[in-house]
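Since the structure comes first, as structure tokens, the remarks are kept for the end.
The values are calculated or read from the model by the stated rules, or taken from the named source; none is laboratory data. As the structure is a computational prediction, the values presented were derived from the model and not from experiment. All Cβ positions, glycine included, derive from the backbone under ideal geometry; neighbour counts span all protein chains shown. Each accessible area value is taken on the protein alone, full model and side chains, heavy atoms only, with ligands, DNA and RNA left out. Shrake-Rupley method; radii C 1.70, N 1.55, O 1.52, S 1.80 Å.
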Amino acid sequence: MIIVNLIGLCLIGLIIWWFWLYKPKAATPVFDDVVIEVKDGVYSPAIIQVMANRPFVLRFNRVDATPCAESVLIPALNISEQLLLNQVTQISFDGLAKGEYSFHCQMMMYQGVIKVI
């Protein structure tokens with residue numbers, strides 16, 4: 001009985017860490033062309049830094065076959081793209097104003113941020 005309760009507490013702790021405490025990898029250096037791997041429930045890198053008012057390209061390489069990973073949404077820019085499995089999907093930007101633009105899958109399990117500096 002004690003073992004079952006301990007396992008249950010561990011699973012609850014894992015869920016709390018995954019959904020509320022997990023911090024994605026630090027921001028990548030500023031680039032104009034970034035490849036983002038979609039795998040194991042995370043975007044890697046999840047924090048992208050780009051320069052304001054300069055064109056850049058995000059390339060999503062979807063490796064994860066789960067349905068949640070099949071699309072990426074950038075709500076502030078009204079962008080919704082389907083990500084094909086084991087293919088790179090390219091999203092081009094002409095240049096954005098300074099700020100932060102979040103991107104995520106349709107269920108918000110995968111999450112990332114474009115930081116425009």
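Okay, residues lined up against (1) in a helix (DSSP H, G or I); (2) modelled with pLDDT under 90; (3) not acidic (Asp, Glu):
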| position | (1), (2), (3) |
| --- | --- |
| Leu14 | yes, yes, yes |
| Phe19 | yes, yes, yes |
| Glu37 | no, no, no |
| Ala76 | yes, no, yes |
_So Ser92 passes all but one of these: (1) among the small types (Gly, Ala, Ser); (2) modelled with pLDDT under 90; (3) open to solvent by 70 Å² or more (accessible area, probe 1.4 Å). Which condition number does it fail?_
(2)
_If Tyr101 satisfies all but one of (1) within 15 Å of the chain's Cα centre (by Cα); (2) open to solvent by 30 Å² or more (accessible area, probe 1.4 Å); (3) of a type outside the set (Val, Ile, Thr); (4) more than 21 Å from Trp20 (Cα to Cα), what's the number of the condition it fails?_
(4)
*Tyr101: among the hydroxyl-bearing types (Ser, Thr, Tyr), touching a helix residue (DSSP H, G or I) at 6+ places or on another chain (Cβ under 6 Å) and assigned to a strand (DSSP E or B), yes or no?*
yes
*Tally the residues that are open to solvent by less than 70 Å² (accessible area, probe 1.4 Å) and without any contact (Cβ under 8 Å) to a residue 60 or more places away in the chain, restricting the search to the stretch 40-64.*
10
_Checking the condition open to solvent by 20 Å² or more (accessible area, probe 1.4 Å) and touching a strand residue (DSSP E or B) at 6+ places or on another chain (Cβ under 8 Å), which residue from Val35, Val116 passes?_
Val35
_Restricting to the stretch 21-31, and then to whatever is assigned to a loop (DSSP other than H, G, I, E, B) and open to solvent by 70 Å² or more (accessible area, probe 1.4 Å), can you tell me which residue is modelled with the highest pLDDT?_
Tyr22
